[in-house]
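The structure appears below as structure tokens.
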């Protein structure tokens, strides 16, 4: 007997009443985070279900990559504690009136100095601002902007945060090869702190490391470097010094990425680029195979190379060549030869847009290539997915000229810090009960995206893909 | 084991229609597979309750597309919410993993960006929060609702798109 077809009219019938719980759970697991949070308010059963650690973990594991975008100011006049979650499927954007897409929900970071007084005349934003080191498993690591000390680990979705104990100050070496370093001027001795946050699956621990690169200069030239490394396991009371070898000259380290219990960085040296890694188990700092990815050996434009993690794979996105963008994925972790080109766009954009400098972030990879997000200096986001919608361009509205966005790849997670931090020693705080109510005048702006145009793929670029092992069925 | 040594399995739907399907397709239905394995003797026909012939048509469509590597082309957009629910229950009964995920994703897509009131009505759920509890949880999630219309309480019948 066929079920009677109900009429479709303006009021909503309960279509999915009396569903067995496994079905409801499965549906909820496949919702994006903001809809999931709305569902948490539906009834007490759903609230319990969604708040369960097991559910949060399952949901996190199948969540797509998103980005936290954080308005910053070139003049450093913002506290920048608000962030917006940018999901990367532009086909799902709800375009309202005037072609605007509201950027919601809004997330807040804790304030660095809790003595923030709303009425105080000279609130220097830099007293309250945090730097974001990196994102790992849905958690952000926040640092002091000057000293670089890691201070807070937070989950922006749940609003929870914990304060980290202070690392011990690094004392510079007093002499080197008989040279008394105290005689050198202070500017000859520079300590660059590098902070990164990662996860060790084997022990189920989260660790923060503070790496200090001590540069000693003589006669304006960098003479030598020494490294000190301190490590902290979340939930323990203190930091620990780790002796590390200094494998290679470090000019800067960027794009900290935690994969497989190891932190990786793109290392820029004097003339070369490579990958440096720190393994949490062996506690060794060493080079990581990057084989043919950086074989050009030129000093590449730092701003145009990015590294990150997609679905457990390490990727490198190289947009430094004038010829286009290349994306590499490490198919077999640790094996240099397994760096495979997934994607190469020869001419990324039509002439109007190609003159703008931007950063490129892979959003996902699949058989036929990858989807990319590009953030351009003209303050627009360009989404690109071949075979689907081609290009979609959205301009950012509602922010002042001097502002730009910092993009942090982030997977939203409902996992509570209480389940992450071992032991009872650490207090888990929540911004909702603290500084969320405070209004900063910079937060009165309404930021939205406006869709500009959609390009047809065929007319704007040529594309070659190399997706054989991913089940390539489409010719380039 | 079942019917004969041929590669076809006979499935009989609730409305009496018999479908002869490839063994490979029957394998994707864990419920059916279990019946086949448990049977001592040959089974001529496997009855599948809660599954109608229009469901089988769609299941066969999906199977053909996925074998051809085109499973992304399968769409349930044309199904209204009732039809989608029935289909989902049928696929759940048959315990077909891939198709089940496709359908639950389709439902999830239909719930996106909807209000609390809409979701409650959709699932026929009563609000059992006390006003204080509800206010507290709304406040905690306040940012998720910022900018949206204040969704109507359960008495109002306002459809939001």
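Quick note: the coordinates plus some simple rules give every number you see, no bench work behind them. Given the structure is predicted, the values throughout are model-derived calculations rather than measurements. Every residue, glycine among them, receives a Cβ derived from its backbone with ideal geometry; neighbour counts consider all protein chains shown.
One table, with the values for the structure above:
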{"read-out": "Two-site FRET efficiency, residue B:67 against residue A:61, from Cβ-Cβ distance with R₀ of 35 Å, rounded to 0.05", "value": "0.80"}
{"read-out": "Cα gyration tensor shape for segment B:9-134, rounded if a/c is under 1.5, else prolate or oblate", "value": "prolate"}
{"read-out": "Antiparallel bridges, percent of DSSP beta bridges restricted to segment B:1-116 (to nearest 5)", "value": "60"}
{"read-out": "Equivalent ellipsoid semi-axes - Cα gyration tensor, segment B:60-143, angstrom", "value": "34, 14, 11"}
{"read-out": "Where labels lie 7 Å past Cα in the beta-carbon direction, separation of residue A:192 and residue A:248 in nm", "value": "1.4"}
{"read-out": "Gyration tensor (alpha-carbon) shape descriptor, segment A:208-282, a/c threshold 1.5", "value": "oblate"}
{"read-out": "Part-to-part distance (alpha-carbon centres) for segment A:245-294 and segment A:404-429, which is given in Å", "value": "25"}
